[in-house]
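Asker: Pasting a structure below so you can have a look.
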């Protein structure tokens, strides 16, 4: 599992309290901060439920309507499958995450088969918190590519994802260059020049950063995290067989 780095969310330094009245004031201030943080957490959760990715709001408003029967979910996820699916699988992943690559290798075909069967939709909630694992912000660039291809249509999205994870670079060095991300997209069927331009321009960097913060605010603390109809699969059960069984039980 890949965990967020606490250094990415540093706390501000607080000077030591002085005795007497100042100490009482500090205690009151801390209580006020805790109340405010609680309110922010609830607000972030509510906001996540209604987030649309800039530039693709129309697909969400029209119920999905992109090629291949997919759309962007209200939580910013790439939705593949029927809008009225009885079962919704949500996968939270970072495209630089080695454990996410392993999950895709093990269970990716289960998700493809479930969508083809017709009663299941998959929401790929791509987040970007592993830029520190490469020398060139590969997590953010790959996440942006995810939105770029999906905005062109989700009919080839699962095949694209399988290919991208198959070429995932090792941590600690350079990620795949933009030219390679463009070639992977083309090979998966995304030949529209607008997709290549979107990848080069990093069009969705800001929405991805915001979505990542909001996902963590809901309590997700590692990748991959998988839900079936909003019920989280325990990390110890993240396998193809467990996922297949949970999908079947939810139908």
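All of the numbers you see were taken from the coordinates with simple rules; none came from a lab. The structure presented is a predicted model; accordingly, all values stated were derived computationally and were not measured. With ideal geometry, Cβ positions are generated from the backbone for all residues, glycine too; neighbour counts draw on all protein chains shown.
Asker: Treat the stretch 128-251 as a sphere of radius equal to its Kirkwood radius over Cα pairs and apply Stokes-Einstein at 10 °C in a medium of 1.306 mPa s; give the translational diffusion coefficient in µm²/s, rounded to a whole number. If you can, show how the numbers build up before the last one.
Answerer: Values: Rh = 15.9 Å.
It diffuses with D of about 100 µm²/s by this estimate.
Asker: Along the Cα→Cβ direction, 7 angstrom out, place labels at residue 210 and residue 239. What is the inter-label distance in nm?
Answerer: Reported label-point gap for residue 210 and residue 239 is 4.1 nm.
Asker: In whole angstrom, note down how far apart the Cα centers of the stretch 107-152 and the stretch 172-251 are.
Answerer: Cα centroid of the stretch 107-152 versus Cα centroid of the stretch 172-251: 2 Å apart.
Asker: Under a crude label model (7 Å from the Cα following the beta-carbon direction), how far is residue 117 from residue 99 in nanometres?
Answerer: 2.6
Asker: Grab the Cα-Cα distance for residue 135 and residue 201, subtract it from 0.36 nm times how many residues apart they are, and report the gain in nm with one decimal.
Answerer: Answer, rounded to one decimal: 21.9 nm.
Asker: How far is it, in nm, from the label point at residue 231 to the one at residue 159 when both lie 7 Å from their Cα along the line to the Cβ?
Answerer: Placing both labels 7 Å along Cα→Cβ, they lie 3.4 nm apart.
Asker: Taking the Cβ-Cβ separation of residue 179 and residue 248 as r and a Förster radius of 41 Å, what is the calculated FRET efficiency to the nearest 0.05?
Answerer: Calculated value: 0.50.
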